[in-house]
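Colleague: Structure below; questions to follow.
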């Protein structure tokens, strides 16, 4: 996605997880990487990494002085790691509403939200199961378009 947006020639170096990639980044064996804030934040706080931009649509409250990729000049460059709760297709509506309500209520509780702060996670909650489903579908479509545009192929 960056290669396409910036019109630069970079090489993807696959790693088996963030830890070995971060080790090589800090050691100078690779020049940059995309990573989640969760795994990078300890090295950012220690002054071993410098965040250049976040890939979310809005700046994160965890790193408020770090611009988004869009602010850095890369139009439509938005992606993020997110977590959601899914249920089997035939789950009764009443069950979905009850679970969604409980999740929404818990994510409105400042004590619960505070538990995410050590993980360097911004907590965002969906207004409804339908809004989450819309978000989920948009994300899939965006990635389909990115794969089609860039010609990414799965290597085995």
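The values are calculated or read from the model by the stated rules, or taken from the named source; none is laboratory data. Everything numeric in this text was worked out from a predicted model, so none of it was measured. Every residue, glycine among them, receives a Cβ derived from its backbone with ideal geometry; neighbour counts consider all protein chains shown.
Colleague: Output the residues belonging to region 82-115 that are closer than 23 Å to residue 41 by Cβ and touching a helix residue (DSSP H, G or I) at 6+ places or on another chain (Cβ under 9 Å).
Modeller: Across region 82-115, the qualifying residues are 82, 84, 107, 112, 113.
Colleague: So, one more: Restrict the check to region 10-17 and report whether at least one residue is touching a helix residue (DSSP H, G or I) at 6+ places or on another chain (Cβ under 7 Å), surrounded by 13 or more Cβ atoms within 10 Å (Cβ to Cβ) and under 23 Å from residue 63 (Cα atoms).
Modeller: Within region 10-17, not a single residue is touching a helix residue (DSSP H, G or I) at 6+ places or on another chain (Cβ under 7 Å), surrounded by 13 or more Cβ atoms within 10 Å (Cβ to Cβ) and under 23 Å from residue 63 (Cα atoms).
Colleague: Just need a number here: residues in region 98-146 that are under 26 Å from residue 13 (Cβ atoms) and over 17 Å from the mean Cα position of the chain (by Cα).
Modeller: Matching residues across region 98-146 total 1.
Results for (1) part of a loop (DSSP other than H, G, I, E, B); (2) loosely packed, with under 11 Cβ neighbours inside 10 Å; (3) modelled with pLDDT of 95 or more, shown as yes or no for each residue.
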{"position": "8", "(1), (2), (3)": "yes, yes, no"}
{"position": "50", "(1), (2), (3)": "yes, yes, yes"}
{"position": "62", "(1), (2), (3)": "yes, no, no"}
{"position": "77", "(1), (2), (3)": "yes, no, no"}
{"position": "81", "(1), (2), (3)": "yes, no, no"}
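Colleague: Condition first: assigned to a loop (DSSP other than H, G, I, E, B) and over 22 Å from the mean Cα position of the chain (by Cα). Now tell me which residues in region 83-97 satisfy that.
Modeller: If the condition is that a residue be assigned to a loop (DSSP other than H, G, I, E, B) and over 22 Å from the mean Cα position of the chain (by Cα), then 88, 89, 90, 91, 92 are the ones that fit.
Colleague: Then there's this: For residues that are under 16 Å from residue 83 (Cβ atoms) and outside any helix (DSSP H, G or I), scanning just region 104-145, find the one that is modelled with the lowest pLDDT.
Modeller: 120
Colleague: Hey, another quick one. Kindly indicate which of 63, 52, 25 is free of Cβ contacts under 8 Å to residues at least 24 places away in the same chain and farther than 23 Å from residue 156 by Cα.
Modeller: Step by step, each of 63, 52, 25 is checked, and only 52 is free of Cβ contacts under 8 Å to residues at least 24 places away in the same chain and farther than 23 Å from residue 156 by Cα.
Colleague: Restricting to region 144-156, give me the number of residues that are under 17 Å from residue 78 (Cα atoms) and free of Cβ contacts under 8 Å to residues at least 24 places away in the same chain.
Modeller: Residues flagged as under 17 Å from residue 78 (Cα atoms) and free of Cβ contacts under 8 Å to residues at least 24 places away in the same chain within region 144-156 amount to 4.
Colleague: While we're on this one: Of the conditions (1) touching a strand residue (DSSP E or B) at 6+ places or on another chain (Cβ under 8 Å); (2) not assigned by TED's automatic domain parsing to the domain that holds residue 6, residue 118 satisfies every one except a single condition; which number is it?
Modeller: Evaluating residue 118 over (1) touching a strand residue (DSSP E or B) at 6+ places or on another chain (Cβ under 8 Å); (2) not assigned by TED's automatic domain parsing to the domain that holds residue 6 leaves (1) as the failure.
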